[in-house]
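Read the structure below first, then the notes.
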Amino acid sequence: MKFGIFYELQLPRPWNDGDEHRLYLNALEQLELADRLGYDHAWQVEHHFLEEYSHSPSPESFLAAASQRTKKIRLGHGIYQLTTNHPARVAERVATLDLLSSGRCEFGMGESASITELEPFGVTMENKREVFEEAVRAIIPMFKDGPSEHRGKYFNMPLRHVMPKPLQKPHPPLWVACSQLETLAKCGEWGFGALGFQFVSADAAHAWVHAYYNAFVKRQKKLADYRTNPNIALVSFFMCAKTDEEARERADGCTFFQFALRFYGQSAGRARPPAGTVNMWDEYNKWKKANPEAHAAALRGGLIGSPETIRRKLRKFQASNIDQVVLLNQAGRNTHEHICESLELFATEVMPEFHAAHPQLLKWKERVLNREIALDEIDTSAFADRYGGTMKNISPATSKAQAAE
């Protein structure tokens, strides 16, 4: 099993002068540390206009900075929004990052899951999948030697030589974000790696791994001529400390993250309230005060705890044959000091066991892809809830401003 770290760059209110600057510098320091400690991937999102939840509209800039401060860690777009960027600009920036990082770029793609982000760019929730698929078809030829052109419904690109070209040939590994669990199986059909931005149980992971690989092997329908990437990465809330109690005390930001997802997920198109009308941190603290049991339950989920507790939980995921666990540590007001201590303790006392077992996973995967192992077709309907596990206990009241949308 491999391990990644994941950044939304959350910044709850109140916002003071210098907060965003400090947020970015701290995150880069954390990536440097993760690189030295032997973490495998760092994933950076692209989001627009999502107050408090994500202050990361330009992942290509952040990852380019990280490329000059790290040596081995893979630098992943997790994800690049193909619905809000022109295909040529995406291809140019991905190739540039690949050159700057000496071939460490991972190209994760997605649609965006919120009308708040899509609307300013002229995209709707109804047509975003169609825009995404066309963008993939436009981008892939741009990575190849020589010029390319594209004529489509949403993009028109005359014959041009898109430069530079990526260092990795034929292109960096391709991934797709799965904000809906059903998309995991779709990723298998497309032949992309699946970035599961969900917080699932080990049982759910087992079911979706089967769905992904069965689609990959039996029902693959590529969108263009690209190299496939059979990989599944699942995100988990994360805080490692010497004791479970200390880890939970330090991980309050993880519950804020869950609360924000539930709060935003209640409205049509996951629309956010009008700009500047909701203080999400205040809403969260009101909910926490009124729901102490649900708050405590949330902190018992994910990979939050002592090294021994986290090892026990990871062994269940390991049995599901997922390739990578992506650790969400920077959330809410989790402190820079605690994030760094968590990364160090986990890397020292937990990660070596699972890194050592990775060759066995690769052998299993090879046999699956060669059809030497037939995976059961598991009914995934029982595992389709977007808010499974402890997150189902988090039910924020819809704000007046949101209800008016």
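The values are calculated or read from the model by the stated rules, or taken from the named source; none is laboratory data. Everything quoted here is computed from the prediction, not taken from an experiment. We place every Cβ from the backbone using ideal geometry, glycine too, and count neighbours over all the protein chains shown. Protein only, heavy atoms only, side chains kept; ligands, DNA and RNA dropped before computing areas. Shrake-Rupley method; radii C 1.70, N 1.55, O 1.52, S 1.80 Å.
Points to keep in mind about this one:
- Within the accessible surface of the stretch 220-297, defined with a 1.4 Å probe on protein heavy atoms only, the carbon and sulfur portion equals 46 percent.
- Cα-based Kirkwood hydrodynamic radius, the stretch 255-361, one decimal, Å: 16.4
- Convex hull per residue volume in Å³, alpha carbons only, for the stretch 58-153: 92
- The calculated FRET efficiency for I378 paired with K221, based on their beta-carbon distance and R0 = 22 Å, is about 0.55.
- Translational diffusion of the stretch 81-223, µm² s⁻¹ [Kirkwood Rh, Cα pairs; Stokes-Einstein; 25 °C; 0.890 mPa s]: 153
- Charge sum, other residues only, whose C-beta stays under 11 Å from Y226's C-beta, Lys/Arg counted +1 and Asp/Glu -1: +3
- Comparing Cα centroids, the stretch 343-362 and the stretch 126-181 end up 34 angstrom apart.
- Over all pairs of different C-alpha atoms in the stretch 321-362, the reciprocal of the mean inverse distance, the Kirkwood hydrodynamic radius, equals 11.9 Å.
- Converting phi to 3J(HN,Hα) with the Karplus coefficients 6.51, -1.76 and 1.60 and the offset θ = phi - 60°, the stretch 241-257 yields 9, 5, 10, 4, 4, 5, 4, 5, 5, 8, 10, 4, x, 5, 6, 4, 4 Hz in sequence order, with x at every glycine or proline.
- Overall form of the stretch 134-214 per C-alpha gyration tensor (a/c, 1.5; a/b vs b/c): prolate
- Note on the chain: with a GNM built from Cα contacts shorter than 10 Å, the maximum mean-square fluctuation among A290, A42, A194 falls on A290.
- Cα gyration tensor shape for the chain, rounded if a/c is under 1.5, else prolate or oblate: rounded
- Gained length - D282 relative to A296, 0.36 nm times residue gap less alpha-carbon distance: 3.2 nm
- Pairs exceeding a 26 Å alpha-carbon distance, out of K165/K363; K316/K363; K2/K242; K72/K169; K165/K222; K169/K365: K165/K363.
- For the stretch 233-238, 3J(HN,Hα) per residue [Karplus equation, 6.51 cos²θ - 1.76 cosθ + 1.60, θ = phi - 60°, Hz, x = Gly/Pro]: 10, 10, 7, 9, 4, 8
- Taking all Cα pairs closer than 8 Å and separated by 6 or more residues, the relative contact order of the chain comes to 20 percent.
- The value obtained for the stretch 1-104, namely the Cα convex hull volume divided by the number of residues, is 107 Å³ per residue.
- Separation of alpha-carbon centers, the stretch 305-336 and the stretch 1-51, rounded to whole Å: 17
- Neighbour-limited loop hits for trypsin sites (Lys or Arg not before Pro), the stretch 147-200 (at most 14 other Cβ within 10 Å; DSSP other than H, G, I, E, B): K153
- Shape summary: the stretch 208-251 maps onto an equivalent ellipsoid whose semi-axes, from the alpha-carbon gyration tensor, are 39, 12, 7 Å in decreasing order.
- Evaluated at q = 0.19 Å⁻¹: base-10 log I(q)/I(0), Debye formula over Cα of the stretch 210-300: -0.93
- Apportionment of accessible area to carbon and sulfur, the stretch 77-185, percent (1.4 Å): 55
- With the simple spin-label model, which puts each label point 7 Å out from Cα in the Cβ direction, the F121 to E349 separation comes to 4.2 nm.
- For the stretch 351-367, the Karplus equation 6.51 cos²θ - 1.76 cosθ + 1.60, evaluated at θ = phi - 60°, returns couplings of 4, x, 4, 7, 4, 5, 8, 4, x, 5, 4, 5, 5, 4, 5, 4, 5 Hz by residue, with Gly and Pro reported as x.
- Distance between modelled label sites at R13 and S61, nm, 7 Å Cα→Cβ extension: 2.4
- Å² per residue, accessible surface of the chain at 1.4 Å: 41
- For the residues K222, K72, a 1.4 Å probe over the protein chains yields an accessible-area ranking, largest first, of K72, K222.
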